[in-house]
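Q: What follows is a structure written as structure tokens; I'll ask about it next.
The values are calculated or read from the model by the stated rules, or taken from the named source; none is laboratory data. For clarity, every value in this text was computed on a predicted model and none was experimentally measured. We place every Cβ from the backbone using ideal geometry, glycine too, and count neighbours over all the protein chains shown. Keep in mind that these areas ignore ligands, DNA and RNA; they rest on the heavy atoms of the full protein, side chains included. Shrake-Rupley method; radii C 1.70, N 1.55, O 1.52, S 1.80 Å.
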Amino acid sequence: MATHTVASGEVAAHAITLVANTVETIAFEGGLGTVTVLSHDGTAAVYFTTDGTTPTVAGAHCWCVPAAVGAFTVPVSTYGPNSIKAISAGTPTISVQRGT
């Protein structure tokens, strides 16, 4: 499990290539109101959680960015961790961006 940290004052962690079936954690220092997960190449679906739970491929408790170039923005609980965890069955490249 790899971890990336986005420091206070920074906006995002970019160009993260996921390892198939391996959880990637992106931690944000400071406040986090929403988070956007962007798929750069759309080679595989990306499943992610914002509540600290461990995501699974096609997990019913996960948000999903489909296997297409695009992005998905979701709110993050102010009571949860300031991080997201992502997983994919493939090796897509993603960026994870801080919202408000």
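Q: Pop out the carbon and sulfur fraction of the accessible area of the chain as a percent, whole number, probe 1.4 Å. Show your work: numbers first, answer last.
A: On the way: 2780 of 4730 Å².
For the chain, the apolar C and S fraction of the accessible surface comes to 59 percent.
Q: What are the GluC sites (Glu not before Pro) within region 1-63 that DSSP puts in a loop, where the Cβ has at most 11 other Cβ atoms within 10 Å?
A: Values: sites: Glu10, Glu24, Glu29; in loops: Glu10, Glu29.
Sites meeting the loop and neighbour criteria: none at all.
Q: From the C-alpha gyration tensor of the chain, pull out the three semi-axes of the equivalent ellipsoid (sqrt of 5λ each), sorted largest to smallest, in whole Å. Spell out each step's value before the answer.
A: Values: eigenvalues 75, 39, 29 Å².
Equivalent ellipsoid semi-axes, largest first: 19, 14, 12 Å.
Q: Right, something else. What accessible area per residue, rounded to a whole number of Å², is obtained for the chain using a probe radius of 1.4 Å?
A: Accessible surface, normalised per residue, equals 47 Å².
Q: Still on this structure, I have one more. Give me, ordered by chain and number, the residues 5 or more places off His4 or on other chains with an amide H under 5 Å from its own placed amide H.
A: Placed amide hydrogens put Thr25, Ile26, Ala27 under 5 Å from His4.
Q: Gap in Å between the Cα centre of region 63-86 and the Cα centre of region 1-57?
A: Distance between centres, Cα-based: 7 Å.
Q: Hey, can you grab everything whose amide H is under 5 Å from the amide H of Gly90? Only 5+ residues off in sequence or another chain; H modelled, so Pro and N-termini drop out.
A: The list, which skips near neighbours in sequence, is Asn21.
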